[in-house]
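The values are calculated or read from the model by the stated rules, or taken from the named source; none is laboratory data. Just so you know, these numbers come straight off a predicted model, no measurement behind them. Cβ placement follows ideal geometry from the backbone for every residue including glycine, while neighbour counts extend to all protein chains displayed.
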Amino acid sequence: MPTRIPVQVADHQFPSINKARIHYTGILRQYDEGGRLTAEHQRDIQDLMYSSESPYPIDGTTVKVSKGYYGRKCFVSEGPDKQHHYISIHLSLKRCVQSSKPDEGMK
């Protein structure tokens, strides 16, 4: 039986990747395409970007809901340069798990 993999996103500790995914997809489903997020949800997604060490700019960005690859809704960050960057919930959460694991080679 698979074990739960806890995920830490900023100050929020999730008991498993699945619980974290449900939390963020729940936010995504609350908005129509083109919708801007509330300030609280904006902070949640920016925390996810920060914790996953996103290569995209985080400060000064606006997070919206847009149609992504394959026609599915996703989060998009729009920085001061007006460039759109798609945010993958799944990949971001996987990065959060990898970044929170201690180096096993160092004992």
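Structure above, values below:
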item: Among (1) under 12 Å from MET49 (Cβ atoms); (2) modelled with pLDDT under 85, the one test that ILE89 misses; result: (2)
item: Of the criteria (1) part of a helix (DSSP H, G or I); (2) among the aromatic types (Phe, Trp, Tyr); (3) at pLDDT below 95, which one TYR24 fails; result: (3)
item: Near pairs, Cβ below 6 angstrom, 6+ apart or cross-chain, from the stretch 66-94 (more than 19 Å from ASN18 (Cβ to Cβ)) to any residue that is of a type in the set (Lys, Arg); result: VAL76/LYS64
item: Residue that is farthest from the chain's Cα centre (by Cα), among those in the stretch 30-66 that are in a strand (DSSP E or B) and closer than 18 Å to LEU91 by Cβ; result: SER66
item: Residues (in a loop (DSSP other than H, G, I, E, B) and in contact with a strand residue (DSSP E or B) (Cβ under 9 Å, 6 or more places away or on another chain)) located in the stretch 67-82; result: GLY68, GLY79
item: Where a residue in the stretch 9-29 is within 15 Å of LYS94 (Cα to Cα) and touching a residue at least 60 places away in the same chain (Cβ under 8 Å) and its partner, wherever it lies, is polar (S, T, N, Q) and assigned to a helix (DSSP H, G or I), with Cβ under 9 Å and at least six apart; result: VAL9/SER51; VAL9/SER92; TYR24/SER92
